[in-house]
């Protein structure tokens with residue numbers, strides 16, 4: 001039987017790898033995976049295919065007056081020494097509440113390494129909580145849920161449920177989308193996950209979902225976001 005090539009070994013691992021979401025975000029109420037979860041799931045498959053994966057030293061790139069941490073993941077065929085590498089980048093924030101400089105760098109490194117691993121091993125397309133696709137899916141579901149509630153005017157809210165929006169107490173779906181698109185723009189300008197910006201703003205206004213922004217507070221929240229966007233774009 002012919003020996004497996006490095007590409008066949010990589011294909012085998014891409015086919016068989018199941019990386020669990022071993023972490024949980026208590027604030028956002030979602031499970032997610034980190035680089036360590038992926039590496040742990042890889043170990044038996046690497047042994048089976050006589051290959052190794054390792055993380056090379058991170059490097060720093062300076063682009064457009066911003067620093068980006070570059071993570072490089074290498075996949076090596078032990079039998080031949082052939083190597084395949086994949087890189088991913090994450091921007092370091094200048095300031096992040098509750099973190100010192102080393103923690104900010106560490107967070108960017110973890111993020112970059114995770115997405116380099118995702119790219120190399122084709123982690124399945126289940127949407128992670130820090131991806132734009134995940135938030136877009138949630139936005140669509142929330143909008144559909146809100147429309148369904150509004151289409152039942154005679155239905156009384158049950159105990160412990162949020163009241164419906166018949167009296168215009170909360171923002172409508174168009175306003176919600178405006179807020180979230182602004183959050184996405186801030187994240188893009190900063191080069192960080194949307195999840196980080198969204199969670200910070202939700203925490204600031206002591207809510208768990210942007211649908212809970214009141215109609216009266218809409219301009220306040222949107223004004224704050226627009227200011228933050230200008231600041232991010234100016235850097």
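Read the figures in this text as sums done on the coordinates, not as results from a lab. As the structure is a prediction and not an experimental result, all values here were calculated from the model. Neighbour counts are summed over all protein chains in view; Cβ atoms, including those assigned to glycine, are modelled from backbone coordinates with ideal geometry.
Using the Cβ-Cβ distance between residue 85 and residue 199 with R0 = 25 Å, the FRET efficiency computed as 1/(1 + (r/R0)^6) comes to roughly 0.15.
Pull out the extension gain between residue 177 and residue 74, defined as 0.36 nm times the separation in residues minus the alpha carbon to alpha carbon distance; nm, one decimal.
On the way: separation 103, 0.36 × 103 = 37.08 nm, distance 3.98 nm.
My answer for the length gained is 33.1 nm.
Report the full-extension gain for the segment residue 56 to residue 18: residue separation times 0.36 nm, less the Cα-Cα distance, to one decimal in nm.
On the way: separation 38, 0.36 × 38 = 13.68 nm, distance 2.32 nm.
So the extension gain works out to 11.4 nm.
Computed on segment 163-235, with alpha-carbon pairs under 8 angstrom and 6+ residues apart, the relative contact order is 46 percent.
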